[in-house]
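Written below as structure tokens is the structure these notes are about.
The values are calculated or read from the model by the stated rules, or taken from the named source; none is laboratory data. Quantities reported herein were computed from a predicted structural model and do not represent experimental measurements. Cβ placement follows ideal geometry from the backbone for every residue including glycine, while neighbour counts extend to all protein chains displayed.
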Amino acid sequence: MTDPQVALSMLALFIGLVFLGFPIAFTLMALGIFFGYFAYFDAGRMWRGFDRLDETASWWESTSLWIEGFYNNRIFDLFINQTYTVMSNEVLTAVPLFLFMGYIVERANIVDRLFSTLNIAAKNVPGSMGVAALVTCALFATATGIVGAVVTLMGLLALPAMLKARYEPSFASGIICAGGTLGILIPPSIMLIVYAAASGVSIVRLYAAALLPGLLLVGLYLTYVIGRAILQPSVAPRPTEEEVPSVKLGTLLWMLFTSFFPLAVLILSVLGSILFGLATPTEAAAIGALGGMVLAVAYRAMSFQRLRESVYLTVRTTAMVCWLFVGSYTFSSVFSYLGGEHLISEFVSGLDLTPLQFLLLAQLIIFLLGWPLEWSEIIIIFVPIFLPLLPMFDVDPLFFGILVALNLQTSFLTPPMAMSAYYLKGIAPPEVKLTQIFKGIMPFLAMVFLSMAIVYIFPQIVYHLPGVFYGN
Amino acid sequence: QSPIVMKMQTSWPASDIWMEFAKQYVDRVEAMSGGRLKIDLLPAGAVVAAFQVLDAVNDGLIDASHSVSAYWYGKNKAASLFGTGPVFGGSGDTMLAWFYAGGGEELFRELIQDNMGLDVIGLLGFPMPAQPLGWFKEEVNTAADLNGFKYRTVGLAADLMQGIGMSVAQLPGGEIVPAMERGVIDAFEFNNPSSDLRFGAPDVAKNYYLSSYHQASEAFEFLFNRSFMEDLEPDLQAILRHSVEAASTSNTAAAMDNYSSDLQKIQEQGVTVHRTSTDILNAELEGWDKLIPELEQDPYMKKVLDSQREWVERVTFYNLMNSPDYALAYEHYFPGKLKL
Amino acid sequence: MKTFITFADGLSAAFGKAFGWLIILMTFGVSYEVFVRYVLNSPTPWSLDVSFIMYGTLFMMGGAYTLSRGGHVRGDFLYRLWRPRMQATVDLVLYALFFFPGVLALVFSGWKYASRSWGYGEVSVNSPAGIPIYQFKSVIVAAGLLLAIQGIAQIFRCILCIRDGYWLQAAEDVEETEALAVKNATVGEHPDMK
Ligand code: NA
Ligand code: NA
């Protein structure tokens, strides 16, 4: 086997081994080290120490020489070097801060205020509760960058309310699953930071670029919900006066003000300061975390217990994401040392694809990977395989990143690893079946594909805001 | 017999013009070795990150690197004297001549092998044109105008510019232009007109200042893993070494061609090209005056700076006394173009 | 074995949680930088270096804690369907084969890497402030040691699970909001509605 073929078998083996369920960070690390051991194998260097050995050597001396010999392979130096590269990555410094902010804000009772207010405000719109749920999710997504909690919070809050108002269970659960995952697409978003770290694209440009496509997707979701409610009123009946009471306009405005205000502060301090050039994403994340703490205190939702929980969760999730980077950096530098990247580009250029065919193929692969895998593995491990191919087809990595981000919305929604659906199933009343949830999700998957097509046809949706904020 | 493959990683992204410069070295080695030596040229990040190439060459993760010494001045500040040190009046040519004829190579060897204990051989090639003071939104005419500016630069130049009243921001290359647009910084320098143009600098600033003493005598640094190098046949070792010299000439040609035509393109995009004022240049020299004694507290750095100063004093005296007024001739044939 | 598992879980959690508080320092430190840069117009030269040192230390020292709580992401859509004994057998083999070579390299090769840096008295190349980074490189060794200890505990967990047929969980700990919410299943109403 030639070196590049060895590299390809490394990739194939990884795809196979992932399914054994071992923590992926360590699987990547191991494969990088095994194949790197082969790539850097140098018997002379390994057994250099044995020249010093004679018959009188003790058991301990010869054992330690064996260990020394085994570790005297350059792959271990490469592994340490890559570990340090992740540790000193400037882009990733924003990750723990955004996570911390997210955990603080989740615990600050913002979602419930917002939903109950919007429910009243949207009362006269068809599918009003669905609309209120989606708008709540979208607004919350603009303030925080993580996913998971929103689905659950909305599942506990909006789902029972909708079911009580005789919404069709699959329709209602589809809304919550799809809306709840918006946080990772609409900036600020951990996923975009990770993509920036993997691709070298400017994170602030990515944020600016993702905003309109994110809103487009929200718009498509809303269109679907309202449209379906008009065409088939039985799936989303109008709530009764008991379910959603009317309030005076003044009261409503005051409620809107008090529930929007905290979010507006967060959105302005984080997204605003990034886009309008007041701070780098890391700085904005720190300000956001600080703001989150202040808000939590203001809403009397802050206790030492909650702070501690947020801190510990931040460590665990940061470690999860960043150790994945440690594994994948090691894996991919061995992969490219062996010439695997080269072979893939040669293979792909031999396919004679048009740029559109290439994009479709790449997005199809990412979509399929999204069934068994989660976004972090896909972006950190698989997207870098596509990145070197982009210049060949004249595809802008910024544009590609936005398509990937839209596409990966589906990874939360497609079985078998549909985190969004599982979170919801975990808290929904038992009569809501997983199959109903998946059925309800399907139309939203279609909306994701539609949004990708629209973005492809009108790339201005991606480029407009980066152009406004940062020039071309 | 199959060729020996040398893995060489640069500190530049695949799209950077300096990858083409590195490729010129590769072409020369491969042609001269008659196919016995092949170089696998890799961009920054392929095996290790841009700033990690010294460690990587030492550990044998890559056999060679194409970078600049300023990138590892955190390990030893003396590194920057082999690229972005004080300017005594010598150009990149002067310093490269010092390296090969004035004892610089031996001092570099002493630093890398004796002082730092690394298994590395280091050579310098391609005398870079002086690096422009850079990009400003408004005109800056006096040193006082620079006060309080948030300016992006690297290495000892950061110490220097901070010393003359600018506040220096450290930003990765790709964030420079967005940061300018956002006002996080309000001026920056990178290296040369071609790189600056590819960055999109003309979109964010309309005043480009040429001539500066902050990085006026840099060269590329070629590092080789010593065991790798010394295991090669003597003729192949010679080819690796002398191709650095050969590539110096072809790099210079490529730089002259690209940097100058890209400077024209920059002007066509509505950018005013200025010469940095004497007042600012003087401030930079005074800045170096303050920095040099600090650096010289280290005996090794004192030795290097003494050697460089002595070299520049003799060589540049000859250079300046000898060189005709090229500007006069230029003005004669292309009147009215220069704005010196 | 159970004693060792409890010890390792406790050790990993103690270090992970202690270094987790760096996030608070980071929040205030970076916010301070924003304040002096944008309000007082005099940025610090050390902010960038200090923030990546805190970020790197935080996630490295949290690695073992995350492992002890099963927080490292797995491609587990098949795995989750297996019986615990099957899971434990596969895990046992893979811990021995996949986990230890790399983790021990963090200790041994990390030691070499860090001691070289101590030898230079290495400082960060990012700024003129000259922030030392040799102590930061030593974090690699510390993280490797913690992971090695936790790895032994994980192997014991596998052995116990193969013997008993069920997994020994780590002590009660903080959970994600979603898990927490499922437990409590109560969400307040809008205060203005009351
Ligand atoms: Na978001
Ligand atoms: Na999925």
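Brief remarks follow.
- Some residue of the range A:155-162 being in contact with a Leu (Cβ under 7 Å, 6 or more places away or on another chain), away from ligand 2 (no atom under 16 Å from the Cβ) and touching a residue at least 60 places away in the same chain (Cβ under 8 Å): yes
- Test for C:Gly56: is it closer than 21 Å to A:Val326 by Cα, part of a helix (DSSP H, G or I) and in contact with a Ser or Thr (Cβ under 8 Å, 6 or more places away or on another chain): yes
- Test: residue in the range A:263-276 that is within 9 Å of another protein chain (Cβ to nearest Cβ), free of Cβ contacts under 8 Å to residues at least 24 places away in the same chain and touching a Lys or Arg at 6+ places or on another chain (Cβ under 9 Å): no
- Meets criteria (within 13 Å of ligand 1 (Cβ to nearest atom), within 14 Å of chain C (Cβ to nearest Cβ), within 17 Å of the chain's Cα centre (by Cα) and closer than 19 Å to A:Gly370 by Cα) for A:Ile193: yes
- Considered as a group, the residues in the range A:390-403 that are away from ligand 1 (no atom under 16 Å from the Cβ), more than 12 Å from every other protein chain (Cβ to nearest Cβ) and in a helix (DSSP H, G or I) include one that is nearest to the chain's Cα centre (by Cα), and that residue is A:Leu403.
- Wholly enclosed helices (runs of 4 or more DSSP H) of the range A:232-351 bearing at least 1 residues under 28 Å from A:Ile120 (Cα atoms), in contact with a helix residue (DSSP H, G or I) (Cβ under 7 Å, 6 or more places away or on another chain) and not aromatic (Phe, Trp, Tyr): A:249-267, A:281-298
- Counting only helices (runs of 4 or more DSSP H) wholly contained in the range B:61-173, the ones carrying 3 or more residues that are surrounded by 22 or more Cβ atoms within 10 Å (Cβ to Cβ) occupy B:92-101, B:155-163.
- Among residues of the range C:39-53, those that are assigned to a loop (DSSP other than H, G, I, E, B) and more than 8 Å from every other protein chain (Cβ to nearest Cβ), counted: 3
- The lone exception for A:Thr414 - which of (1) outside any helix (DSSP H, G or I); (2) within 14 Å of chain C (Cβ to nearest Cβ); (3) over 21 Å from A:Leu192 (Cβ atoms); (4) modelled with pLDDT of 80 or more it fails: (3)
- Filter pass, C:Lys112 being surrounded by fewer than 19 Cβ atoms within 10 Å (Cβ to Cβ), assigned to a helix (DSSP H, G or I) and without any contact (Cβ under 8 Å) to a residue 60 or more places away in the chain: yes
- Selection status of A:Leu465, over 19 Å from A:Thr223 (Cα atoms), within 16 Å of ligand 1 (Cβ to nearest atom) and either in contact with a helix residue (DSSP H, G or I) (Cβ under 9 Å, 6 or more places away or on another chain) or within 14 Å of chain B (Cβ to nearest Cβ) (or both): yes
- Matching entry among A:Val105, A:Val151, A:Val95 (being part of a helix (DSSP H, G or I), among the hydrophobic types (A, V, I, L, M, F, W, C) and within 16 Å of ligand 2 (Cβ to nearest atom)): A:Val151
- Of all residues in the range A:366-385, none are away from ligand 2 (no atom under 11 Å from the Cβ) and assigned to a loop (DSSP other than H, G, I, E, B).
- Hey, A:Leu408 within 16 Å of ligand 1 (Cβ to nearest atom), more than 14 Å from A:Gly174 (Cβ to Cβ) and modelled with pLDDT of 85 or more or not: yes
- Among the residues of the range A:317-355, the one identified as within 14 Å of chain C (Cβ to nearest Cβ) and over 20 Å from C:Gly102 (Cβ atoms) is A:Thr317.
- Residue in the range C:95-102 that is among the hydroxyl-bearing types (Ser, Thr, Tyr) and within 7 Å of chain A (Cβ to nearest Cβ) present: no
- Subset of the range C:68-86 (residues that are touching a residue at least 12 places away in the same chain (Cβ under 8 Å) and within 7 Å of another protein chain (Cβ to nearest Cβ)): C:Arg69
- Test for A:Leu192: is it away from ligand 2 (no atom under 16 Å from the Cβ), touching a residue at least 12 places away in the same chain (Cβ under 8 Å) and surrounded by fewer than 24 Cβ atoms within 10 Å (Cβ to Cβ): no
- Residues in the range A:169-199 that are in contact with a Leu (Cβ under 6 Å, 6 or more places away or on another chain), among the polar types (S, T, N, Q) and at pLDDT below 90: A:Ser199 only.
- Listed by position, the strands (runs of 3 or more DSSP E) contained in the range B:197-299 that have at least 1 residues being within 14 Å of chain A (Cβ to nearest Cβ) are B:219-225.
- Test result for A:Leu220, more than 16 Å from ligand 1 (Cβ to nearest atom), more than 17 Å from the chain's Cα centre (by Cα) and either modelled with pLDDT of 90 or more or under 30 Å from B:Ala49 (Cβ atoms) (or both): yes
- In the condition set (1) surrounded by fewer than 21 Cβ atoms within 10 Å (Cβ to Cβ); (2) away from chain C (no Cβ under 14 Å), A:Leu368 is compliant with all but (2).
- Some residue of the range C:2-10 being more than 7 Å from chain A (Cβ to nearest Cβ) and touching a Leu at 6+ places or on another chain (Cβ under 6 Å): no
- Members of the range A:19-46 found to be at pLDDT below 90 and either in contact with a Pro (Cβ under 8 Å, 6 or more places away or on another chain) or assigned to a loop (DSSP other than H, G, I, E, B) (or both), listed by number: A:Phe19, A:Leu20, A:Gly21, A:Phe22, A:Tyr40, A:Phe41, A:Asp42
- Residues located in the range A:418-445, provided they are under 16 Å from A:Leu182 (Cβ atoms) and under 20 Å from the mean Cα position of the chain (by Cα): A:Ala418, A:Met419, A:Ser420, A:Ala421, A:Tyr423, A:Leu424, A:Ile441, A:Phe444, A:Leu445
- Among the residues examined, A:Thr56 does not qualify as over 29 Å from B:Val5 (Cα atoms), assigned to a helix (DSSP H, G or I) and outside the structural domain of A:Thr282 (by TED's automatic domain parsing).
- From the options A:Leu97, A:Leu118, residue that is at the interface with another protein chain (Cβ under 8 Å from one of its Cβ atoms) and either in contact with a Lys or Arg (Cβ under 6 Å, 6 or more places away or on another chain) or at pLDDT 85 or above (or both): A:Leu97
- Residue count, the range A:417-436 (criterion: within 13 Å of ligand 2 (Cβ to nearest atom) and not in a loop (DSSP other than H, G, I, E, B)): 5
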